[in-house]
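Note sheet for the following structure.
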Amino acid sequence: MGIVRPHLWFHDQAVHAARFYAEVIPNTVIHSIATAPPGTPGVAEGTEFIVELTIDGMRATFLNAGPAFTLDEAFSFVLDCADQAEVDHYWETLTADGGTPSQCGWLVDRFGVSWQITPVQLDDVMSRPDREGVARAMAAMLTMGKLDIEGLEAAYRGE
C-alpha cells in the first residue's frame, strides 16, 4: 500500500510556510522545492511550485497554485504539547505576524493553516470516569482560546 500524506494548496506561500515550520516544529525537513514548468495553470513558469517536506516526521506536499482553492479549518494539524510551556510557546509562535487565535485550542497561522495546540493532558482529563467532571472541563474548554491545563483540571475538580 502507498503512504497517506497531506497535500495543502496555497495561493503563493507554500515555500514560506514550509521554511517557517522547519524553523519552529521539531523533526521538520524540506526535501525539495520544484519550480513550475511551462504551461502550469495559474502559475508562472519558474515559480516555486511544489514543496516536499516532512513535518514532525509526517511526509507532506505543499503546492503554490493560485487562489482557486483556499485553506480552511476543515483541515487542521494537531500539535500535541507536553506541558503548558509548550502550549504557550506554540500558541505565541503560530499566531505571531498575522495568525488568528480561535477557541478550544484552535488557531490559524499567517499562512492560513489551521492548528490545534493541544496539551497531552486534555485526553487524560476527557477520559476520566467522573462524567460530571468531564462535562465541567469541556464547558471550561469551550470558553478558552489557548488551552489552560490548570484551568481544565480546576474545572474537572469543580473549583
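Overview of results
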item	result
Helix-derived mean residue ellipticity, 222 nm - over the chain, DSSP H n ≥ 4, -39500 (n - 2.57), to 500	-9000 deg cm²/dmol
Pair-distance profile P(r), taking every C-alpha pair of the chain, with 5 angstrom steps and integer %	2, 9, 16, 18, 16, 13, 10, 7, 5, 3, 1, 1, 0
FRET efficiency, Ala44 to Ala22 (Cβ-Cβ, R0 25 Å, nearest 0.05)	0.50
Angle in degrees between helix 131-141 and the longest Cα principal axis of the chain, rounded to the nearest 10	50
At most 11 other Cβ within 10 Å, DSSP loop - GluC sites (Glu not before Pro), the stretch 1-110	Glu45
Qualifying chymotrypsin sites (Phe, Trp or Tyr not before Pro) for the stretch 10-118 [loop in DSSP, other Cβ within 10 Å: at most 11]	Phe75
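Throughout, read-outs are computed from the coordinates displayed, never taken from laboratory work. Treat the numbers as computed from the prediction; the structure is a model and nothing was measured. Glycine also receives a Cβ, built like all others from the backbone with ideal geometry; neighbour counts cover every protein chain displayed.
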